[in-house]
Amino acid sequence: MKRKLLCGLLAAAALCLPVQAARPAALQVDGELLNTSVHVVNGASYVPLRDLLEALGDWTVWWDGSAARAVSEDASLSADPGGGALTVNGSRYPCTVSVVEGRTYVPLRLTMEALGGSVQWDPWLGGAAVTSPGAEHNAADFYWLSRIIHAESGSEALEGQIAVGNVVLNRVASGDFPDSIPEVIFDDENGVQFEPAANGTLLNEPTELSREAARRALSGENTAGDALYFFAPALSQGTWIASSRTYQQTIGCHRFYQ
């Protein structure tokens, strides 16, 4: 009897481990920022299972009295706090599973990799970027590209918004700029490159048109050629760009330069 009681107390204590001394973090899935509680403990992110799976789409989640269970069209999953394991499609992964205030928390990276997706830490987001299984584009790339497009050209037609995305991607491909989309957008080595990264408008939620422009740019559609710079004469004189770079074309209210 004492042994059973001790085991029960140890199990109850284990349920609380992930959120003790935890710090909150952001979470986005395929470019969509989730309004959920993510906890980081010793470098590992723990997320509410239901919120994660609902963001992935097409999952049914329930609690059977001892474990959280979920099924989709082609996968099954269970998260067992008492057994300390996550089981995905019959494969068992020992890990810490917690129930806190009625929510089942699971380790994010382990869960996503078991499902065939991926996770990366995004320092500019201050949290994790989840790319779902079969997603067309990397979640961090899509998240930031859609936001810079919206912030710089949200009032433009699709052609002009794609062109802004092209400039960012052209910089990533150039040896004169950083090697990733977020690094290009937040680059300030020679002064702020994109004003929205400094004034906070980069964090505004993009419209569906801006998201579509990001998808098209990431898929290879190009309306800006090999332009590396742009500015809107109505908002900026663009003195350095106009005097030192080669003019290419005007799309909407922006002038593009090589």
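The values are calculated or read from the model by the stated rules, or taken from the named source; none is laboratory data. The structure displayed is predicted, hence computed values, not measured ones. Cβ placement follows ideal geometry from the backbone for every residue including glycine, while neighbour counts extend to all protein chains displayed.
Tabulated data
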item: Any hit, segment 153-160, residues being in a loop (DSSP other than H, G, I, E, B) and not assigned by TED's automatic domain parsing to the domain that holds residue 250; result: no
item: Hits in segment 87-111 (condition: under 14 Å from residue 50 (Cβ atoms) and in contact with a Cys (Cβ under 8 Å, 6 or more places away or on another chain)); result: 98, 100, 106
item: Any hit, segment 225-240, residues being at pLDDT below 95 and crowded, with 17+ Cβ neighbours inside 10 Å; result: yes
item: Of all residues in segment 55-71 being at pLDDT 95 or above and under 25 Å from residue 26 (Cβ atoms), the one that is surrounded by the most Cβ atoms within 10 Å (Cβ to Cβ); result: 68
item: Restricting segment 45-91 to residues that are in contact with a helix residue (DSSP H, G or I) (Cβ under 6 Å, 6 or more places away or on another chain) and aromatic (Phe, Trp, Tyr), the residue that is nearest to residue 108 (Cα to Cα); result: 46
item: Candidates 140, 157 - the one that is closer than 29 Å to residue 52 by Cα and in contact (Cβ under 8 Å) with a residue 12 or more places away in the chain; result: 140
item: Residue within segment 94-108 that is closer than 30 Å to residue 213 by Cβ, buried (at least 20 other Cβ atoms within 10 Å of the Cβ) and not assigned by TED's automatic domain parsing to the domain that holds residue 183 present; result: yes
item: Residue in segment 171-179 that is within 21 Å of the chain's Cα centre (by Cα), closer than 20 Å to residue 129 by Cα, surrounded by 22 or more Cβ atoms within 10 Å (Cβ to Cβ) and aliphatic (A, V, I, L, M) present; result: no
item: Residue match in segment 39-50 (condition: modelled with pLDDT under 95, at negative phi and in a loop (DSSP other than H, G, I, E, B)); result: no
item: Boolean, residue 10 is exposed (fewer than 11 other Cβ atoms within 10 Å of the Cβ) and either at pLDDT below 95 or in contact with a Cys (Cβ under 7 Å, 6 or more places away or on another chain) (or both); result: yes
